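Here the structure comes first, spelled out in structure tokens, and everything after it is commentary.
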Amino acid sequence: MRSSAEAVIIGGGVQGCSLAYNLAKRGCKNVVLVEQKFLAYGGTGRSGGGVRHQFGTEINCRLAIYNVKCFEYLQDELGYKESIEFEQGGYLWIAYTERQLEQLRKNVKLQNSLGIPSMLLSPTDIKELIPQINLDGIIGGSFCEKDGHINPFHVTLAYAEAAKRLGVEINTYTKVIGIKLKGNTIDGVYTDKGFISTPIVVNCAGPWGKEIAKQIGIEIPLYSERHQILVTEPVERTLRSLILCLDDGSYWKQTPHGNFMLGIGNPNEAKGFNMSSSWQFLEEASRKIVKKMPILSNLRVIRQWAGLYDITPDSQAILGPTKINGFYLNLGWSGHGLQFAPSIGRALSELILGEKPFIDISPFYIERFENGKLIPEPACI
Ligand SMILES: Cc1cc2nc3c(=O)[nH]c(=O)nc-3n(C[C@H](O)[C@H](O)[C@H](O)COP(=O)(O)OP(=O)(O)OC[C@H]3O[C@@H](n4cnc5c(N)ncnc54)[C@H](O)[C@@H]3O)c2cc1C
């Protein structure tokens, strides 16, 4: 392991790997990325792989436009030999109450004003789009055909391999155990494999990043919460869109390999680091989603897993500099951070290297919790 670096990135999720690549691409090649387990061990490798334009804040919509454009050519840009499985089959949000529909109307109005081709759908339109769906209780929805999904493992590995080719050192099974300061400035990072001297540390450690920041006196308003997914056996491809229900936070999609992937929110989930799968989730997700999509009833479940959301008070990421010189944050993605790897990897690398970010990410700075300028994202599950 290198003993000194221009920058150290803590965390080998999609955000850490994208940042490493983007820093190296801009000429900052002596970057060391440190991952306590393996790449994509955290939320990244446990995500649903969804990519969408349909957000409810202007900043996220603008970033989403950039993200989706990037995914169209990312595989080529990164010189990745496998497919990142980017596919645009659309995202359908379904409302069951007037309040939910009103929020979708607001979202679509904002999205359309920025050039995003989303639209409102009536129950009849929804049935036409997804003939297999049970319309009980549905009063409308919104749809954007340009939304879709990616394979989280391939995207992360694609960034990591491209970063390595540009000179980044990636150390897996290496844990950051402390940060060394000189006064109010970063001086280096202690890992369980040795010390790395560096003037810049970027905390991309997801839910675990809160404790890392706390060691140097930075309190991050963030908590962790388990979310689970189950996967069925593969069957003939009949569904291209991801469907997301606002009544219970359930969602499902069919992957390019034919497997259905199902998830559902749990309002009673305890905060914490529990990442074990539960039979209660298996039972509840199957029961509720089969009612909404009866054709799923005879499919066998082949596996399930759990991962953590790192949730902030406004369901928005915390990005950028801190009161410690050289210490940056990129965490708190609140369940939608996979798809923001292209835009934030670029913008944060520009900021760190003293360039003007291509899009202003200062609204995401941690200061917003002190000055009360929160940017609540309504389009979250
Ligand atoms: C069930 C589920 C479904 C999701 N679905 C979607 C979706 O459809 N679309 C979407 O965009 N997002 C989705 N997300 C959210 C998305 O997965 C995350 O927001 C995103 O992957 C965060 O990436 P990250 O790199 O910030 O963090 P992580 O992927 O959590 O990476 C953090 C890394 O830091 C490492 N680390 C922690 N502490 C240390 C240490 N001390 N030393 C070294 N390394 C350390 C961890 O091991 C981990 O690998 C989902 C998440 C879950 C759990």
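The values are calculated or read from the model by the stated rules, or taken from the named source; none is laboratory data. All values reported here derive from a predicted model rather than from experimental measurement. Every residue, glycine among them, receives a Cβ derived from its backbone with ideal geometry; neighbour counts consider all protein chains shown. For the accessible areas, the whole protein counts, side chains as well, though only heavy atoms, and no ligand, DNA or RNA atoms are used. Shrake-Rupley method; radii C 1.70, N 1.55, O 1.52, S 1.80 Å.
Step by step: first the residues of the stretch 335-358, then only those that are touching a Lys or Arg at 6+ places or on another chain (Cβ under 8 Å) and among the charged types (D, E, K, R), then the one that is farthest from the ligand (Cβ to nearest atom). Which residue is that?
Glu355
Please go through the stretch 158-194 and pick out each residue that is crowded, with 18+ Cβ neighbours inside 10 Å, under 24 Å from Pro321 (Cβ atoms) and of a type in the set (Gly, Ala, Ser).
Ala163, Gly188
Working only within the stretch 44-64, note down all residues that are under 15 Å from the mean Cα position of the chain (by Cα) and open to solvent by 10 Å² or more (accessible area, probe 1.4 Å).
So in the stretch 44-64, the residues under 15 Å from the mean Cα position of the chain (by Cα) come out as 44-55, 60-61, 63-64.
Answer for the stretch 44-64, where residues must be under 15 Å from the mean Cα position of the chain (by Cα) and open to solvent by 10 Å² or more (accessible area, probe 1.4 Å): Thr44, Gly45, Arg46, Ser47, Gly48, Gly50, Arg52, His53.
Cβ-Cβ under 6 Å, sequence separation 6+ or interchain: first residue in the stretch 325-344 and closer than 27 Å to Gly265 by Cα, partner part of a loop (DSSP other than H, G, I, E, B) and at pLDDT 95 or above. Which pairs?
The qualifying pairs are Asn330/Cys204; Gly332/Leu222; Gly332/Thr312; Gly332/Ala317; Trp333/Ala317; Ser334/Thr312; Ser334/Ser315; Leu338/Ser47.
Return the pair list, or none, for Cβ contacts closer than 6 Å from residues in the stretch 111-127 that are within 11 Å of Cys144 (Cβ to Cβ) and assigned by TED's automatic domain parsing to the domain that holds Met293 to residues that are open to solvent by 60 Å² or more (accessible area, probe 1.4 Å) and part of a strand (DSSP E or B), at least 6 apart or on different chains.
Final answer for the pair search is none.
Would you confirm, using the coordinates I've provided, whether Asp147 is within 26 Å of Ile65 (Cβ to Cβ), within 16 Å of the ligand (Cβ to nearest atom) and either of a type outside the set (Phe, Trp, Tyr) or in the same structural domain as Thr198 (by TED's automatic domain parsing) (or both)? If you could, list the steps in order and put the result at the bottom.
Details: within 26 Å of Ile65 (Cβ to Cβ): yes; within 16 Å of the ligand (Cβ to nearest atom): yes; either of a type outside the set (Phe, Trp, Tyr) or in the same structural domain as Thr198 (by TED's automatic domain parsing) (or both): yes.
It is true that Asp147 is within 26 Å of Ile65 (Cβ to Cβ), within 16 Å of the ligand (Cβ to nearest atom) and either of a type outside the set (Phe, Trp, Tyr) or in the same structural domain as Thr198 (by TED's automatic domain parsing) (or both).
What is the residue count in the stretch 15-39 for residues that are farther than 18 Å from Ser349 by Cα and crowded, with 24+ Cβ neighbours inside 10 Å? Let's see the steps before the verdict.
Step one: filter the stretch 15-39 for residues farther than 18 Å from Ser349 by Cα, giving 35-39.
When the remaining residues are screened for being crowded, with 24+ Cβ neighbours inside 10 Å, the result is 35.
Qualifying residue count for the region: 1.
Hey, could you check the stretch 9-44 for residues that are in contact with a Phe, Trp or Tyr (Cβ under 6 Å, 6 or more places away or on another chain) and either part of a helix (DSSP H, G or I) or of a type in the set (Val, Ile, Thr) (or both) and say which is farthest from the ligand (Cβ to nearest atom)?
From the stretch 9-44, those in contact with a Phe, Trp or Tyr (Cβ under 6 Å, 6 or more places away or on another chain) are 17-18, 21, 40; that's our starting set.
Then drop every residue that is not either part of a helix (DSSP H, G or I) or of a type in the set (Val, Ile, Thr) (or both), which leaves 17-18, 21.
Values: Cys17: 7, Ser18: 8, Tyr21: 13 Å.
Taking the candidates together, the pick is Tyr21.
Of all residues in the stretch 232-251 being in contact with a strand residue (DSSP E or B) (Cβ under 6 Å, 6 or more places away or on another chain) and closer than 15 Å to Ile302 by Cα, which is surrounded by the fewest Cβ atoms within 10 Å (Cβ to Cβ)?
Among them, the one singled out is Glu233.
Yes/no matrix, rows are residues, columns are (1) open to solvent by 40 Å² or more (accessible area, probe 1.4 Å); (2) in contact with a Ser or Thr (Cβ under 9 Å, 6 or more places away or on another chain); (3) in a loop (DSSP other than H, G, I, E, B):
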site	(1), (2), (3)
Asp310	no, yes, no
Ile366	no, yes, yes
Glu370	yes, no, no
Ile381	yes, yes, yes
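Let me confirm something: among Phe55, Phe86, Phe38, which residue is in contact with a Cys (Cβ under 8 Å, 6 or more places away or on another chain), touching a residue at least 12 places away in the same chain (Cβ under 8 Å) and outside the structural domain of Ser250 (by TED's automatic domain parsing)? Please lay out each step first, then the result.
Numbers: Phe86 fails: in contact with a Cys (Cβ under 8 Å, 6 or more places away or on another chain); Phe38 fails: in contact with a Cys (Cβ under 8 Å, 6 or more places away or on another chain).
The unique qualifying residue is Phe55.
For the stretch 292-313, does any single residue satisfy the condition of being within 20 Å of Ala205 (Cα to Cα), more than 15 Å from the ligand (Cβ to nearest atom) and modelled with pLDDT of 95 or more?
So far as the stretch 292-313 goes, yes, one or more of its residues are within 20 Å of Ala205 (Cα to Cα), more than 15 Å from the ligand (Cβ to nearest atom) and modelled with pLDDT of 95 or more.
Applying the selection to the stretch 262-277, what residues are within 13 Å of the ligand (Cβ to nearest atom), open to solvent by 40 Å² or more (accessible area, probe 1.4 Å) and modelled with pLDDT under 95?
Across the stretch 262-277, the qualifying residue is only Asn266.
Which numbered condition in (1) in the same structural domain as Gly345 (by TED's automatic domain parsing); (2) open to solvent by less than 10 Å² (accessible area, probe 1.4 Å) is the only one that Ile130 fails?
Among (1) in the same structural domain as Gly345 (by TED's automatic domain parsing); (2) open to solvent by less than 10 Å² (accessible area, probe 1.4 Å), Ile130 violates only (1).
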